[in-house]
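What follows is one structure encoded as structure tokens, with my remarks underneath.
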Amino acid sequence: MVHQQISETRSYILVVEDDSAIGAFVQTALEREGFRVELVKDGESAIKRVDAFSPSLVLLDLMLPGMSGLEVCQALRRSTQYIPIIMLTAKDDDVDKIVGLEMGADDYITKPFKIRELLARVRALLRLVQNSKNPNLRALQFGFLEINLESRTVRCEGKLLTLTPKEFELLALLASNPRRVFGRETLLEKIWGYDYAGETRTVDVHIQRLRQKIEPNPAEPHFLVTVRNIGYKFEYENNGMA
């Protein structure tokens, strides 16, 4: 029922896809779920529609005529307005996925994809954005993990954890931006500052320490997920947790 509320209240999705058959297929599937959908076929049109109507989410094909999907993503991220982006790519290539995430995409899905998977990604991302915009949300709740941004405390299954200041700042940054991928250099800059002379291994060590404190099984983390060759993201899909 949650996704139905989201689709009714945050319904406008912009699909940027130059393949008419794929675009029509995605548009029809989304509209059947109650979303309002607009389909455009090139990057320039996408940017104009975003500027004019501020969609709730953009499904952005990587390979577009003229202005590429990566260029569109980069242009949207230069804007002061944040709009969630899911990249669609026909290339099963880690390099393309990495570049897309580095340009600011929130998620990606590789063609061919199952429509149920795409719908699940859309709903999850909209739900996370909706929660993050709640001005009264001072505590982030992820199942048994609670992060109180005001008191700077973390509880796991009700037990108060002892975190160093940097551990808390790192966890709070990742958890406040769920599913967004942060490179190690970016985390160093944001948490340790521009003048910090340490190596990126510092980030890995702090992530390992946090996993020992918040993960049920640190060897198979549910929350602090490694994104190969880039860095880390905070993931939460219930995972069977209460």
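Throughout, read-outs are computed from the coordinates displayed, never taken from laboratory work. Note that the structure is a prediction, hence the values are computed from the model and not measured. Here the Cβ is made from the backbone with ideal geometry for all residues, glycine too, and neighbour counts use every protein chain on show.
Computed quantities for the displayed model
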quantity	calculated
Listed pairs LYS213/LYS233; LYS48/LYS190; LYS111/LYS233; LYS97/LYS159; LYS41/LYS190; LYS159/LYS233 exceeding 27 Å between Cα atoms	LYS48/LYS190; LYS97/LYS159; LYS41/LYS190
Value of relative contact order over segment 2-132, rounded to a whole percent, pairs C-alpha under 8 Å and six or more apart	23
Dipole of segment 7-108, positive direction: furthest Cα of VAL58, MET103, ALA24, with charges on the beta-carbon	VAL58
C-alpha center-to-center spacing [segment 208-224, segment 164-190] in angstrom	15
Peptides 213-225, 98-110 ordered by average Cβ neighbours within 10 Å, highest first	98-110, 213-225
Value of D in µm² per second that Stokes-Einstein yields for segment 139-234, Kirkwood Rh from Cα pairs, at 10 °C (1.306 mPa s)	117
Gyration tensor (alpha-carbon) shape descriptor, segment 2-132, a/c threshold 1.5	rounded
